[in-house]
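The values are calculated or read from the model by the stated rules, or taken from the named source; none is laboratory data. What you see is a predicted model, and the numbers here were worked out from it, not measured in a lab. Positions of Cβ are generated from backbone atoms using ideal geometry, with glycine treated the same way; all protein chains shown enter the neighbour counts. Heads up: the accessible areas ignore ligands, DNA and RNA and are worked out on the full protein's heavy atoms, side chains in. Shrake-Rupley method; radii C 1.70, N 1.55, O 1.52, S 1.80 Å.
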Amino acid sequence: MVKSKLRNILAFLPAFFFIILSGCIENDIPYPKIPQIITSLAAEGEIKPSVIDSLAYDVTVYLDEVVDIENVRFTEFTTTPGAQCDFDLLEGTHDLTNPMIVALSKYQTYYWVVYGKQDIERYFTVDGQVGETVIDPIGMRVIISMPEGTDLSSLTLESVKLGPRDITTMVPDLKPGPIDLSYPLRVEVTAHGRTEIWTIYVVYTDLVVSTSSADAWSEVVWAYGTCPSDMKGGFEYRESGESEWIPLDQDRVIQSQGSFSASIPHLKTLTEYEVRAVAGTEKGNVIKVTTQGTADIPNGDFEEWWFDSAKNIWFPYAEGGLQYWDTGNTGTATMKQNNVMPTDHTVTGQGRAAMLDTRFVGLFGIGKLAAGSVYTGKFAEVDGTNGILDFGRPFTLRPTVLKGYYQYKTADIDYASAEFDYLKGRPDTCHIYVALADWTAPFQIRTNPKNRQLFDKNSPSIIAYGELLYSGTMDNYEEFEIKLEYRDTSRVPTYLQITCATSKYGDYFTGGTGATLYIDQLSFGWDLP
């Protein structure tokens, strides 16, 4: 009995002294800094999911052209748990003609910027015009170029659209057919109850055929030209200093009205070429360009590896050598496991390749599924049981394909996050992708659901992208070629991203235990068929 009372007194003493001391100690412990993140934002009439950048604290909402951008209604808005927003985005409508500031608070305040992006398709074409119509939505002008001496009072309007589809009216009501543009034409364009005054102009040009631009890659040049819309355009090219022009196969030319473009393949690297547009007997101006060089992918054959015995981690580069690739091994090594390792199972039977697998990493059933992945970049740090990665390596060239060899063995998906629970029991899928971007710094990947930021192939920063997906089981290595689809031939990339993963949804801790991927001999192609 005495011992029991003594234990009760001793148990009470810490609390007693805490109560006494708390009256004397000032509570000056700083609040923790926990960034407050917008995790989802959706709007009526969006044409694709919003892009959320949790590093820049901004969201871009992509709206269909028929949406009234001055009265946008949001249908979904979520944040990190406990965040307080300065107003309810789900109530009423919001004007996104200018960036909207949203404040999220918890201990500190974080200011987010919401951008509305809306592209309205507009066109105005006239029979016989030279080049593409210039449409200026800011100045509300349409400018058409016609050959010198054309009778502007008896032109033929071929197509017209100056506002959002189906909801726009015009006064006068322009339709395909005869049109007089001998004087500037003023048109009232009305949509969503608001009217804009557009002006249609015609200018004369003495250039019947013009070479607009040429973009030189390594073994390909992309050429652009204009001519009257009733003529067929093409291109000629030659090495600088040569006398003979080489006509480009007309099958490579794509023409829309008075504008046309083409790819000129099978060229020499680091060589100056001359390019000019042609149409009939007419010749355009000459543009000189110099092709780029080529480059190998550092350790693209995965011959170089280093085992750090102190950390129990395999790294895909030589000890003290160039670190171009990295893996998630730094995270799985906390449980004394590596799911990306070198292997002597190669295409040639010699040397090394990369072997990746998907496995559950944990103890006593507590842990997470880890998909094997190797990527250009660097594992930055561990965030609890999640990873923070820096994606991308500096790169300014423009290859046309990523080539290599792979072998995959699938497994049924047995672990899944809540949003992908419906995939359980289905075969897992490997994912190999390549991207070129104009990032200003490596892109940070965060797998923690509280502030998740993953790679988005639809981001405006992506210049070119290609991918391979496979969900079967292969007996041997197979060769692959992933074509890079470019969104602009003139933009020069700043970063290259290549990722190979055993499970497509590994970033969401979803995949099949035992799925295995072998990768060997990655390289680039620079030409076109």
The Cα extents of region 289-443 along the principal axes, largest first and rounded to whole Å, are 61, 38, 37
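Order 86-92, 447-453 from most to least packed using the mean count of other Cβ atoms within 10 Å.
Order by mean packing, descending: 447-453, 86-92.
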Per the charge dipole of region 108-219 (beta-carbon charges, Lys/Arg positive, Asp/Glu negative, Cα centre), the residue among Ser145, Val203, Pro164 reaching farthest to the positive end is Pro164
Output row, site His345, 7 Å Cα→C-beta label point, backbone N cut-off 20 Å, window region 304-321, residues 304-306, 314-316
Averaging 1/r across every pair of distinct alpha carbons in the chain and inverting yields a Kirkwood hydrodynamic radius, in angstrom, of 28.0 Å
Among region 225-250, those whose backbone N falls under 16 Å of a label point 7 Å along Cα→Cβ from Glu148 are 228
Compactness check, region 231-290: C-alpha Rg relative to the 2.2 N^0.38 Å globular estimate gives 1.11
Taking a straight Cα-to-Cα line shorter than 25 Å from Lys175, and setting aside same-chain lysines fewer than 8 residues away, one finds Lys161
Kirkwood-based Rg/Rh on the Cα set of region 104-210 evaluates to 1.19
Here the gain from full extension of Asn448 to Ala42, 0.36 nm per residue of separation minus their alpha-carbon distance, amounts to 144.1 nm
Heads up, region 147-196 by the C-alpha gyration tensor (a ≥ b ≥ c square roots of eigenvalues; a/c under 1.5 rounded, else a/b over b/c prolate, else oblate) looks prolate
A chain fully extended from Asp86 to Arg165 at 0.36 nm per residue, minus the present Cα-Cα distance, gains in nm 24.9 nm
The helix 2-22 Cα axis meets the longest alpha-carbon principal axis of the chain at an angle in degrees, between 0 and 90 and rounded to 10, of 40 degrees
Note on region 400-478: the mean projected area of its alpha-carbon convex hull, in nm², is 7.1 nm²
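Do any of Lys232/Lys288; Lys106/Lys368; Lys368/Lys504; Lys368/Lys424; Lys424/Lys504 go past 19 Å between their Cα atoms, and which?
Lys232/Lys288; Lys106/Lys368
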Packing-ranked peptide list from 320-328, 387-395, highest mean Cβ count within 10 angstrom first, is 387-395, 320-328
Its Cα gyration tensor gives region 410-529 an equivalent ellipsoid whose semi-axes in whole Å, largest first, are 27, 21, 11
Carbon and sulfur atoms account, in whole percent of the 1.4 Å probe accessible area of the chain, for 52 percent
Here the tail fraction of P(r) beyond 19 Å, over all Cα-Cα pairs of region 346-437, rounds in percent to 60 percent
Packing-ranked peptide list from 67-75, 149-157, highest mean Cβ count within 10 angstrom first, is 67-75, 149-157
Averaged per residue, the 1.4 Å probe accessible area of the chain, protein heavy atoms only, in Å², is roughly 51 Å²
Only helices counted: for the chain, with every DSSP H run of 4 or more residues adding -39500 (n - 2.57) and the sum spread over all residues, [θ] at 222 nm is -1500 deg cm²/dmol
FRET efficiency for Asp414 and Met474 from the Cβ-Cβ distance with R0 = 22 Å, rounded to 0.05, comes out at 0.60
From the cross-link list Lys268/Lys483; Lys48/Lys450; Lys48/Lys457; Lys311/Lys336, the entries with a Cα-Cα span beyond 18 Å are Lys268/Lys483; Lys48/Lys450
